[in-house]
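Below is one structure, written out as structure tokens; the observations come after it.
Please treat every number below as a calculation from the coordinates, not as lab data. The model shown is predicted, which means the values in this text are computed figures rather than measured ones. Using ideal geometry, Cβ is built from the backbone for each residue, glycine included, and neighbour counts are taken over all protein chains shown.
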Amino acid sequence: MVINKNIVLQGPHNKPILTDVFYNANTSKKPIVIFCHGYKGFKDWGAWDLMAQAFANRDIFFIKFNFSHNGTTINSPTEFEDLEAFGQNNYVKELDDLAHVMNWVTTNPDFKEEADSLNLNIIGHSRGGGIAIIKAEEDSRIKTIISLAGVSDYGKRFANLGDLKTWKNTGVTYVINGRTKQHMPHYYQFYTTYLQHENRLNIKRAAKHLNKPFLIIHGDNDTSVLIEEAHNLHLWNPQSELKIIKNANHVFEASHPWIQSNMPKQLTEVVEIVVAFIRKT
């Protein structure tokens, strides 16, 4: 298996995008899967490496990456050392980052013998699920979309960031990272950028207009993004497929750090469902 980690792409917003590529080198063009991490997430979280290897072992050309403004750095890809970047992040930047990764993988001459640029599939976890749905609706190159414990509404999440008037007056609000205990900033531009692009960032609108295979996977014990959000997505796009993973939390029973050599069975089930879905479509 070929595993190339921490490839540095020069992102569209003056911050690098750190990227990993996993595939079996057999000169057979394989479906491409790009994985988008979630809020306060990163490409090397928990069991994501094992998940990437599992996809590669099933003849998938698998890519995962850090959004350019997720707060990690090139030298510390698993630590939130650039909180200024985190504070300057927004949904539009993440959409641009995803497009940049898509352009890179589909035009890279190094991959032309191994990756099928005409078979591009996107997985988005949690907040990344919304990014994936929106990008899939607006970019015809994406053939299938998989929402993995994905959110269904960005607008309502601003309520979790405190009083909007106070946020506007101070210019910044903070969230506590439950794992690292860091106070992580969100500058007010996060909200104003959302308002400026509210129609584009409407996940319901995007889901309703998807005209391509759409798979929704959610755990029945998810307390971070409630299962009702998966049912919303399925309601808005009745042609979609909804798969509920039993006894699975928001990260399908993985954790960080993940020191075991195997994935949790719930995450293994996710991989099998996604591979079958991509092969079927």
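According to a simple spin-label model (label point 7 Å from Cα along Cα-to-Cβ), what is the distance in nm between Glu79 and Arg205?
4.1
Please provide three numbers in whole Å: the alpha-carbon extents of the range 135-281 along the principal axes, with the largest listed first.
Each principal axis gives a Cα extent; for the range 135-281 these are 51, 40, 26 Å.
Which of the listed residues, Ile17, Leu98, Gly87, is farthest toward the dipole's positive end in the range 1-108, when Lys, Arg count +1 and Asp, Glu count -1 at the beta-carbon?
Working it through, the farthest residue towards the positive pole turns out to be Leu98.
With springs connecting C-alpha atoms under 10 Å apart, model the chain as a Gaussian network and identify which of Tyr194, Tyr39, Tyr91 has the largest mean-square fluctuation.
Tyr39
Using only the alpha-carbon atoms of the range 20-146, report the extent along each of the three principal axes, biggest first, to the nearest angstrom.
Taking the Cα atoms of the range 20-146, the three principal extents are 42, 30, 24 Å.
Can you list the DSSP H helices in the chain whose Cα atoms extend at least 15 Å along the helix axis and whose mean Kyte-Doolittle hydropathy is 0.0 or higher?
What comes out of the filter, once short or polar helices are dropped, is 127-138, 265-280.
Pick out which of Ala149, Ala47, Ala99 has the largest mean-square fluctuation in a Gaussian network model of the chain, springs linking Cα atoms closer than 10 Å.
In this elastic network of the chain, the residue with the biggest mean-square fluctuation among Ala149, Ala47, Ala99 is Ala99.
Report, to one decimal in Å, the Kirkwood hydrodynamic radius for the range 46-90 based on all distinct Cα pairs.
Its Kirkwood hydrodynamic radius stands at 11.9 Å.
Mind running the shape call on the range 171-249? Use the C-alpha gyration tensor, a ≥ b ≥ c as the square roots of the eigenvalues: rounded below 1.5 for a/c, prolate if a/b tops b/c, oblate otherwise. Walk me through the numbers on the way to the answer.
On the way: a/c = 3.78, a/b = 1.31, b/c = 2.88.
Here the range 171-249 falls in the oblate category.
Reachable aspartates and glutamates from Lys156, Cα under 13 Å, same-chain residues fewer than 8 places away excluded?
Glu198, Glu229
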